[in-house]
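Here's the structure, in structure tokens; my notes come after.
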């Protein structure tokens, strides 16, 4: 957890340094829109959109996997209980004398 925090702080520091060094104004044209902004803000917005799109693509898969894991854990519990009951029956049968 601490390693992730350190890495995140380093990335934020690098992004801030990049933004300070690239404050040049640029024009962005997308279809009929034209926006004048600093280079660092354009890159930050693109990075943010990329992160958002990546998260939106990843979240459904993660949810599906969590649901599957939950189902499998329940199935394991049921099978363990069944196994324990069968082992109990086996022990009871072995206690009977031969021929019963």
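Each reported figure results from applying straightforward, stated rules to the coordinates on display, with no laboratory input. Predicted model only: the values in this text are computed from it and were never measured. Virtual Cβ from ideal backbone geometry, glycine too; neighbours counted across all protein chains shown.
So what's the angle, to the nearest 10 degrees on a 0 to 90 scale, between helix 2-21 and the longest Cα principal axis of the chain?
20
How would you rank 21-34, 38-51, highest first, on the average number of other Cβ atoms within 10 Å across their residues?
Most protected by this proxy first, the peptides run 38-51, 21-34.
Calculate the length of the line joining the C-alpha centroid of region 14-44 to that of region 46-87, in whole Å.
Their Cα centres are 40 Å away from one another.
Can you tell me, using C-alpha contacts under 8 Å and at least 6 residues apart, the relative contact order of the chain as a whole percent?
Relative contact order here is 13 percent.
Tell me, what is the FRET efficiency for residue 49 and residue 70 to the nearest 0.05, using R0 = 30 angstrom and their Cβ-Cβ distance as r?
Result of the calculation: an efficiency of 0.40.
Order 1-7, 83-89 from most to least packed using the mean count of other Cβ atoms within 10 Å.
Ranked by mean Cβ neighbours within 10 Å, highest first: 83-89, 1-7.
So what is the 222 nm mean residue ellipticity for the chain from helices alone, if each DSSP H run of at least 4 adds -39500 (n - 2.57) and you divide by all residues, rounding to the nearest 500 deg cm²/dmol?
-28500 deg cm²/dmol
With a/c under 1.5 counting as rounded, go ahead and sort region 2-95 into rounded, prolate or oblate using the C-alpha gyration tensor (a ≥ b ≥ c being the square roots of the eigenvalues; past the cut-off, prolate if a/b is larger than b/c, else oblate).
The shape class here is oblate.
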